[in-house]
Amino acid sequence: MAELDHWHPVLLADELGGKPAPVRVCDRELVVFRASKGEATLGAFADVCPHRGMRLSEGCVEAGRLVCPYHGWSFAPNGEGRSPATPAARPCADAFDVVERFGLIWIKRRGSSATFPTIDVSGYHLVGKTRHRADAPLEVTLDNFIEVEHTPEVHALLGYPRERMPEVICEVTSTESSVRVFNEGPQKALPRPLYTLLQIEPGDIFIDDWTTWFSPVYTVYEQYWLDPATRQQRPNALRIAIFFVPVTAEQTDIFAISYALAPPWERYGLNAFAYLLTRAFVVLELRRDVTLLGKLADKKTELRGRTLSRFDKPLGLARKRIESIYRGRG
C-alpha cells in the first residue's frame, strides 16, 4: 500500500502516555508506544504479535519494550523481539518509522524515502492542535477544505457572506506536486469582540490563500485581512496546517495545527483569554465542517456527472495528484 510510504500524523503527542495506543491508518491497524520519555524512544508496529496474533496494543511497556499480554514476548522500538520461554529465538515485529514533531506523533513505512512535510512557522505563535474524524472518504473530505463556496452556510466566522459570493475572486494554479487556491472577498460579519481580538474592522477584505500538497495529503492556509481603502494588510494573520489521514475507505482523520502571526491581544492584557478564544473558534469551524461531511447523502469520490461551480476546479486537480503522488498509480 503506497499510502503508508508517506508520513502521517496518527495521534496528538499528549494523547500518547505510558500505555501503548492503537491507531488505524489506511485501513491498517498499528500500535504506537513510548519506550521512555523523549522523541528517540518511540516505537510503532503492526498491531499483531508475530507469535500467535495477539493485539500488541493490549500489552504494556516494561524496561523500554512493548510486552505482549499473551505469552510475554517483548519488542524493542526497532522491532527486535525476545521470547522469555525460548531465549534463543529472534522474533521480529513489523516496525514502522515514528517521530514526534509539531506536537503530533507521525508514522511511515520503514525504509521509505518520503520527506517530512514542511511547515514554515517562523514569526508565528502556536494557537493550538486538534484532531477530528470525518465520516467521509479522503477525497470528499479534502473537497470541503479546498473550496470556499460553502463558507457562507457552514462557517460561523471565517468566510464570505452569501449575498456577496459573486464578488469573491478565486484563482487556481497548480504544479506537478501542488494545487494553490487564492480567494479574496469581503469578510462576513463577526461579533464585535472578534474584530478587536483579530485587529480588523467591519468591511475588511478577507484573504484565504492555501496550497495543498500530496506527500502526505495536507493543506497550509494563509488567512489575513486587508484594509479595503488602502489594501494594507492588518497586523494579524492565521497560518493553519491541516493533514488529511485516511482511517478507512469511509473515514478520514483531520489533524489541524494553528498559528497566529503575532499575539494581537498583547496590548489589551488578555493573553490567556484571547489565546483560548482564538483556539476555540478554530476548533468551532473545524467541527462545523466535520458535521457537514457526516450529513452528505452521496459520498462517492467520482466527480463525473456532478454539476460543479467555478469554485470546484481544485477538486479534479487534487484527485489527479492523490492518485499519482499519494497512491503512486502513475
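The values are calculated or read from the model by the stated rules, or taken from the named source; none is laboratory data. Predicted model only: the values in this text are computed from it and were never measured. FYI the Cβ positions are ideal-geometry reconstructions off the backbone, even for glycines, and counts take in every protein chain you see.
Mind checking which residues of segment 21-40 are over 27 Å from residue 137 (Cα atoms), touching a residue at least 24 places away in the same chain (Cβ under 8 Å) and surrounded by fewer than 16 Cβ atoms within 10 Å (Cβ to Cβ)?
36, 39
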Report task. Kindly list, by first and then second residue, each pair from a residue in segment 301-312 that is over 20 Å from residue 171 (Cα atoms) to a residue that is in a loop (DSSP other than H, G, I, E, B), limited to pairs with Cβ atoms under 6 Å and residues at least 6 apart or on different chains. Result -> 301/137
Requested in this report: Within segment 83-101, count every residue that is farther than 20 Å from residue 29 by Cα and either surrounded by 17 or more Cβ atoms within 10 Å (Cβ to Cβ) or acidic (Asp, Glu) (or both).
Outcome: 0
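Rundown of residues vs (1) in a strand (DSSP E or B); (2) in contact (Cβ under 8 Å) with a residue 24 or more places away in the chain; (3) farther than 20 Å from residue 110 by Cα; (4) under 29 Å from the mean Cα position of the chain (by Cα), yes/no style:
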| position | (1), (2), (3), (4) |
| --- | --- |
| 50 | no, yes, no, no |
| 54 | no, no, yes, no |
| 70 | no, no, yes, no |
| 77 | no, yes, no, yes |
| 81 | yes, yes, no, no |
| 84 | no, no, yes, no |
Requested in this report: Report whether or not residue 273 is part of a helix (DSSP H, G or I), modelled with pLDDT under 95 and exposed (fewer than 14 other Cβ atoms within 10 Å of the Cβ).
Outcome: yes
**Report entry** Total residues in segment 187-225, condition closer than 28 Å to residue 175 by Cα and either in contact (Cβ under 8 Å) with a residue 24 or more places away in the chain or among the aromatic types (Phe, Trp, Tyr) (or both)
**Finding:** 20
Report summary line: When segment 160-184 is checked residue by residue, the ones that are more than 15 Å from residue 222 (Cβ to Cβ), buried (at least 16 other Cβ atoms within 10 Å of the Cβ) and of a type in the set (Gly, Ala, Ser) are 174
Query - Complete set of residues in segment 135-156 that are of a type in the set (Asp, Glu) and either in a loop (DSSP other than H, G, I, E, B) or in the same structural domain as residue 102 (by TED's automatic domain parsing) (or both) - result: 135, 147, 149
Query raised in the report: Among the residues of segment 7-14, is any part of a strand (DSSP E or B), surrounded by fewer than 21 Cβ atoms within 10 Å (Cβ to Cβ) and touching an Asp or Glu at 6+ places or on another chain (Cβ under 8 Å)?
Result: no
Query raised in the report: residue 238: surrounded by 15 or more Cβ atoms within 10 Å (Cβ to Cβ), modelled with pLDDT under 95 and not β-branched (Val, Ile, Thr), yes or no?
Result: yes
**Report entry** segment 20-43 - residue that is part of a loop (DSSP other than H, G, I, E, B) and modelled with pLDDT of 95 or more and, of those, farthest from residue 99 (Cα to Cα)
**Finding:** 27
Query raised in the report: Going by the structure shown, is residue 159 free of Cβ contacts under 8 Å to residues at least 60 places away in the same chain, assigned to a loop (DSSP other than H, G, I, E, B) and not basic (Lys, Arg)?
Result: yes
Requested in this report: Among what's in segment 107-134 and is among the aliphatic types (A, V, I, L, M) and part of a loop (DSSP other than H, G, I, E, B), pick the residue that is surrounded by the fewest Cβ atoms within 10 Å (Cβ to Cβ).
Outcome: 121
